[in-house]
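J.: Take this structure first; my questions come after.
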Amino acid sequence: MDTNNPNISVVVPLYNEEESLPELEAWIERVMTENHFTYEIIFVDDGSNDRSWKVIRSLKEKNSAVRAIRFQRNYGKSAGLYCGFEAAQGDVVITMDADLQDSPDEIPELYRMITEEGYDLVSGWKKRRYDPIGKTLPSKFFNATARLASGIKLHDFNCGLKAYRKKVVKSIEVYGEMHRFIPVLAKNAGFKKIGEKVVHHRARKYGVSKFGWERMIKGYLDLITVMFMTRFGKSPMYFFGGLGTLMFLIGGATAIYLIIEKLYKQAHLLPIRAVTDQPLFFIAMGAAIIGVQLFLAGFIGELIGRNSSDRNRYLIDDKF
């Protein structure tokens with residue numbers, strides 16, 4: 001199998017999936033052979049403590065298209081995807097989970113949508129899911145929030161089955177828990193033709209899910225992070241400086257109002273209450289102080305950005 005410049009790279013991050021790997025590899029191989037694709041399968045073992053790595057090594061002996069990366073410890077799915085993307089050589093990169101809930105039979109159509117319809121990224125949509133309601137309902141709510149915040153009309157941001165044009169995966173950096181928001185990262189990098197395809201979701205055949213309720217909390221925190229970095233990552237002063245200036249003006253204007261009110265009452269011999277006896281004065285001072293701190297935070301952010309190594313890193317589409 002020639003993998004120097006394959007049509008498709010299949011990136012499979014995994015953690016403790018020894019039972020499903022032989023079946024998944026055989027399924028991918030069958031689909032690729034039937035459709036006459038040149039391909040490579042990149043398994044990224046995220047520090048598994050079962051026999052996953054031994055299974056992958058045995059698969060490599062039978063299929064030269066199998067490549068593998070093994071982490072010393074568990075780093076998370078984003079790290080696995082990042083290293084898989086870095087190693088991928090195919091014109092189209094397909095990602096899927098190793099638990100057999102994603103069907104390799106979807107690969108040909110995903111490939112066609114990228115190569116013939118011109119999509120930069122195609123995300124799977126598990127319209128009918130075989131997950132418990134305790135997992136599906138929070139997922140729907142999360143996806144609705146992500147659609148509203150990002151403006152990207154996808155039903156399932158967290159679907160592991162996605163297809164990318166090679167240039168997309170080489171232009172984005174996936175870190176932390178940002179694998180849920182790869183479409184947002186791609187859009188921010190200038191890849192705006194993002195679509196989705198209804199894909200078949202299969203019931204888990206082996207093992208148990210590696211994700212719990214805590215991923216929903218992390219998901220929302222990551223959404224806030226990625227949206228902030230997308231809009232203000234290069235110019236934090238626009239956010240912190242603008243908000244700080246607004247807080248300072250509100251606090252200062254309120255304090256000035258209280259002082260003018262006192263002077264007016266003094267001039268007209270009206271009952272006077274000391275400015276420092278009024279809770280509104282301390283609220284105003286607090287707002288002014290917070291405003292100054294936010295402004296300084298934006299200024300420090302700008303200084304850090306000015307010294308960043310990638311401050312002038314821009315993605316060039318073409319040149320001659």
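J.: Please state the charge dipole magnitude for the range 1-50, taken about the Cα centre, from unit charges on C-beta atoms (+1 on K and R, -1 on D and E), reported in debye and rounded to the nearest 20.
T.: Numbers: 1 positive and 12 negative charges, 60 e Å.
Approximately 280 debye in magnitude.
J.: Keeping all protein chains in place and using 1.4 angstrom, which order do 125, 27 fall into by accessible surface area, from largest down?
T.: Details: 125 55, 27 35 Å².
Output order, biggest surface exposure first: 125, 27.
J.: Next question, about the same structure. Leaving ligands and nucleic acids out of the surface, order 123, 58 by accessible area at 1.4 Å, largest first. Spell out each step's value before the answer.
T.: Values: 123 0, 58 50 Å².
Of 123, 58, the descending order of accessible area is 58, 123.
J.: Give the calculated FRET efficiency between residue 62 and residue 167 to the nearest 0.05, with a Förster radius of 35 Å applied to their Cβ-Cβ distance.
T.: According to the calculation, E is roughly 0.65.
J.: Highest mean first, what order results for 8-18, 40-50 on Cβ atoms within 10 Å? Provide the component values of the computation, followed by the final result.
T.: On the way: 8-18: 24.9, 40-50: 21.5.
The peptides rank, most packed first, as 8-18, 40-50.
J.: Within 10 Å, count the other beta carbons around each residue, average over each peptide in 113-120, 270-277, and list them highest first. Before the final figure, lay out the partial values.
T.: On the way: 113-120: 16.1, 270-277: 9.9.
Descending mean neighbour count gives 113-120, 270-277.
J.: If you take the beta carbon distance between residue 72 and residue 33 as r and set R0 to 35 Å, what does 1/(1 + (r/R0)^6) give as a FRET efficiency, to the nearest 0.05? Display every interim value, and only then the final one.
T.: Numbers: r = 34 Å, r/R0 = 0.98.
After rounding, the FRET efficiency stands at 0.55.
J.: Heavy atoms of the protein only, probe of 1.4 Å, neighbouring chains included. What is the accessible area of residue 54 in Å², nearest 10?
T.: 140
J.: Now for a different question. Using 19 Å as the Cα-Cα cut-off, could you pick out the over-long pairs in 170/192; 77/193; 127/192; 167/192; 60/197; 140/197?
T.: 77/193; 127/192; 60/197
J.: In what sequence, largest accessible area first, do 19, 61 appear using a 1.4 Å probe? The partial results should precede the final answer.
T.: On the way: 19 90, 61 160 Å².
From most exposed to least exposed: 61, 19.
J.: Follow-up. Just to verify a number: what accessible area does residue 145 come out at with the full protein assembly present, 1.4 Å probe, Å² rounded to tens?
T.: It works out to around 40 Å².
J.: Just to verify a number: FRET efficiency for residue 148 and residue 49, C-beta to C-beta distance, R0 = 25 Å, to 0.05? Mind dumping the intermediate values first?
T.: Details: r = 39 Å, r/R0 = 1.57.
Taking R0 as 25 Å, the efficiency between residue 148 and residue 49 is 0.05.
J.: When we measure straight from the Cα of residue 187, which aspartates and glutamates land under 17 angstrom away, once same-chain ones fewer than 8 places off are left out?
T.: Within the straight-line cut-off, residue 187 pairs with 120, 156, 173, 196, 222, 317.
The values are calculated or read from the model by the stated rules, or taken from the named source; none is laboratory data. A quick note: this is a predicted structure, and the numbers were derived from the prediction, not measured. No Cβ is skipped: glycine too gets one built from the backbone with ideal geometry, and neighbour counts run over all protein chains shown. These accessible areas exclude ligands, DNA and RNA; they are computed on the full protein's heavy atoms, side chains included. Shrake-Rupley method; radii C 1.70, N 1.55, O 1.52, S 1.80 Å.
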